[in-house]
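S.K.: Okay, here's the structure, questions in a sec.
The values are calculated or read from the model by the stated rules, or taken from the named source; none is laboratory data. Just so we're clear, the structure is a prediction, and the values are computed from it rather than from any experiment. Positions of Cβ are generated from backbone atoms using ideal geometry, with glycine treated the same way; all protein chains shown enter the neighbour counts.
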Amino acid sequence: MNKVFVLDKNKKPLMPCLPVRARELLNKGKATVYKIVPFTIIIKDRTAEESSFQDLELKLDPGAGTTGIAINAYYKRGVVLIFAANLKHRAFKIVTNLARRKMLRVGRHSRKLRYREKRFDNRKKSKPKGWLPPSSLSILNNINAWIDKLRRRAPIGGISIEINKFDTQKLEDPTISGKGYQQGTLAGTNIKEYLLTKHNHTCVYCDATNVPLQIDHIVPKSKGGTNSIDNLTIACVSCNQKKSNLNLKEFIKDPVRLKKVQANIKKPLKDTAQINKIRNKLKELVIAVGLPYLFGDGGETKFNRISQKYPKDHFIDAACLNHTGKDVYIKPGYRPLYIEAMGRGDRQAVSTDAYGFPSAKPVTKKRYFGFITGDLVKFTHTVTAKIFRVNPRDTGQFNITDIRLRLALKFRNTKLSNKTLALAKALSPEEAKEKAKKLKLPTSVSYKKLKLVQHNDGFKYSF
């Protein structure tokens, strides 16, 4: 479990403490809650000058889908992971939304309906130097936001970040050099790291994870196979030995399984392309922070993780980054904070149907009765302390879907046992819907019965 962030009375960061210590300070009235997520307390009678500190290092393992975040503390007894999070980006969702918008616009144009005029200045050549597409910029902004958040919560003394360089030309043609690069870009990479990234550190034949993986030739070299990246994949030791010099169709007899493996092998490397785009920007971002920094690569991270027998996870990769991660203690079963980037609203003026025609009125405002979508709130008229994200409506009645919240709202005058709430959580969506209908649980709640706990910061949290 993550440690709790602590601020002094002047809002300067102190060393994080254990949850039990934070609970003790809160119960004695020596501290008060400053933020719910990530949980932060502020001490009323202490300053940073009166406190002692140990070295803290922020470590980042950037990815197009998920970025691993870790804070390592350097105690006398050794290096210990004290905070971890997996930050899920929305880069591919942005790509999908932009493609959908383009499709609707082109469709209306082809039917000679009203459409936006072509913007001839809105081309790549007219973009300023250093321009990034919205999907890549979203990843960069998310990482920057969390570097800033954590620096304001903990006395971080240094930053490490993994920077991988993937050369797709070198992988397709291992003999390329010199003038050969005039037909493309980038040079120098690790072929195995490229394949591991492509297949998500999973054996393509049996879906095994957290096991040693090897490079395998799809068409064996003894039967004319080459070292081209199109002919290379990742397999566990067992599958690699069983396949030996067999072709793919000879090794996999099940047609359904064969089709799945062939599709997985041909999967495009979107993640790799995204990281290649922002590699240099990430370096500039870390340097601009003004703290001591280190750059690492995936090969060293993987070696450190395997040598310490830790499972594959984004936050564990971050903790094991660089030479400073070769001997770090991570408590078994460590639960990170899960963060999902949600954005800060939709700039689309009006929703459209499948044919591109308006299907709803334009949104005129985002804030209703003091709430905006994504605010963290809790009930004021029930005994439950459950905190949830709100989705406000202009009617003043806000929708709720979680059956535990609806139970708490229905039986607000009686204390619900933890067992009852746990059973409600275990229900499937269909069972929960049927249960709610049978008990006639409310589907909405008035804004007057809600108390704002924390404003929306563009992220969704879970544990």
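S.K.: Could you tell me how many of the residues in the range 207-252 are more than 30 Å from residue 311 (Cα to Cα), assigned to a loop (DSSP other than H, G, I, E, B) and either more than 37 Å from the chain's Cα centre (by Cα) or in the same structural domain as residue 314 (by TED's automatic domain parsing) (or both)?
M.R.: Within the range 207-252, residues that are more than 30 Å from residue 311 (Cα to Cα), assigned to a loop (DSSP other than H, G, I, E, B) and either more than 37 Å from the chain's Cα centre (by Cα) or in the same structural domain as residue 314 (by TED's automatic domain parsing) (or both) number 6.
S.K.: I would also like to ask the following. Would you mind finding the one in 59, 35 that is buried (at least 16 other Cβ atoms within 10 Å of the Cβ), of a type in the set (Lys, Arg) and modelled with pLDDT of 95 or more?
M.R.: None of the other options fit; the residue is 59.
S.K.: Any idea which of (1) touching a residue at least 12 places away in the same chain (Cβ under 8 Å); (2) surrounded by 13 or more Cβ atoms within 10 Å (Cβ to Cβ) is the one residue 44 doesn't satisfy?
M.R.: Exception for residue 44: condition (2).
S.K.: Separate question: From 277, 260, 312, grab the single residue that is within 20 Å of the chain's Cα centre (by Cα), among the basic types (Lys, Arg) and not in a loop (DSSP other than H, G, I, E, B).
M.R.: Only one candidate passes the filter, namely 277.
S.K.: Scan the range 134-148 residue by residue and report those that are of a type outside the set (Ser, Thr, Tyr) and either surrounded by 16 or more Cβ atoms within 10 Å (Cβ to Cβ) or within 27 Å of residue 56 (Cα to Cα) (or both).
M.R.: Hits for the range 134-148 are 137, 139, 140, 141, 142, 143, 144, 145, 146, 147, 148.
S.K.: May I ask you to list the residues in the range 62-80 that are surrounded by fewer than 22 Cβ atoms within 10 Å (Cβ to Cβ), on the phi < 0 side of the Ramachandran plot and assigned to a strand (DSSP E or B)?
M.R.: Selection gives 66, 73, 74, 75, 79, 80.
S.K.: Based on this model, can you work out whether residue 460 counts as at pLDDT 80 or above and in a helix (DSSP H, G or I)?
M.R.: no
S.K.: Still on this structure: What tally of residues in the range 88-100 results from selecting those that are in contact with a helix residue (DSSP H, G or I) (Cβ under 6 Å, 6 or more places away or on another chain) and either farther than 22 Å from residue 140 by Cβ or not in a loop (DSSP other than H, G, I, E, B) (or both)?
M.R.: Within the range 88-100, residues that are in contact with a helix residue (DSSP H, G or I) (Cβ under 6 Å, 6 or more places away or on another chain) and either farther than 22 Å from residue 140 by Cβ or not in a loop (DSSP other than H, G, I, E, B) (or both) number 3.
S.K.: Return the total of residues in the range 297-316 being crowded, with 24+ Cβ neighbours inside 10 Å and modelled with pLDDT under 95.
M.R.: Matching residues across the range 297-316 total 1.
S.K.: Do you know which residues across the range 178-232 are among the basic types (Lys, Arg) and at pLDDT below 75?
M.R.: Within the range 178-232, the subset among the basic types (Lys, Arg) is 179, 192, 198, 221, 223.
179 - this is the single residue of the range 178-232 that is among the basic types (Lys, Arg) and at pLDDT below 75.
S.K.: Can you find a residue in the range 401-410 that is at pLDDT 75 or above and out of contact with any Cys (no Cβ under 6 Å at 6 or more places or on another chain)?
M.R.: No, the conditions are met nowhere in the range 401-410.
S.K.: Next question, about the same structure. Somewhere in the range 341-363, is a residue polar (S, T, N, Q), at pLDDT 75 or above and not in a loop (DSSP other than H, G, I, E, B)?
M.R.: Scanning the range 341-363, I find at least one residue that is polar (S, T, N, Q), at pLDDT 75 or above and not in a loop (DSSP other than H, G, I, E, B), so the answer is yes.
S.K.: Now for a separate question. Among the listed residues 159, 139, identify the single one that is assigned to a helix (DSSP H, G or I), aliphatic (A, V, I, L, M) and either at pLDDT 85 or above or within 23 Å of residue 68 (Cβ to Cβ) (or both).
M.R.: Numbers: 159 fails: assigned to a helix (DSSP H, G or I).
Just a single option satisfies the conditions, and that option is 139.
S.K.: Hey, can you tell me all the residues within the range 6-39 that are under 21 Å from the mean Cα position of the chain (by Cα) and aromatic (Phe, Trp, Tyr)?
M.R.: The one that is under 21 Å from the mean Cα position of the chain (by Cα) and aromatic (Phe, Trp, Tyr): 39.
S.K.: Can you give me the number of residues within the range 301-321 that are farther than 15 Å from residue 68 by Cα and in contact with a strand residue (DSSP E or B) (Cβ under 9 Å, 6 or more places away or on another chain)?
M.R.: Of the range 301-321, the ones farther than 15 Å from residue 68 by Cα are 303-304, 306-309.
Next cut, in contact with a strand residue (DSSP E or B) (Cβ under 9 Å, 6 or more places away or on another chain) only: 304, 308.
Matching residues across the range 301-321 total 2.
S.K.: Could you check, for the range 39-54, whether at least one of its residues is closer than 17 Å to residue 157 by Cα, at pLDDT below 95 and in a helix (DSSP H, G or I)?
M.R.: Looking through the range 39-54, at least one residue is closer than 17 Å to residue 157 by Cα, at pLDDT below 95 and in a helix (DSSP H, G or I).
S.K.: Then there's this: Under the condition of being touching a helix residue (DSSP H, G or I) at 6+ places or on another chain (Cβ under 8 Å) and of a type outside the set (Ser, Thr, Tyr), which residue from the range 300-317 is nearest to residue 199 (Cα to Cα)?
M.R.: Checked the range 300-317; the qualifying residue nearest to residue 199 (Cα to Cα) is 312.
S.K.: Any residue at all in the range 436-454 that's under 29 Å from the mean Cα position of the chain (by Cα), modelled with pLDDT of 85 or more, under 27 Å from residue 83 (Cβ atoms) and part of a loop (DSSP other than H, G, I, E, B)?
M.R.: no
S.K.: Are any residues in the range 58-100 more than 17 Å from residue 313 (Cβ to Cβ), out of contact with any Phe, Trp or Tyr (no Cβ under 7 Å at 6 or more places or on another chain) and touching a residue at least 60 places away in the same chain (Cβ under 8 Å), and if so, which ones?
M.R.: 58, 90, 91, 92
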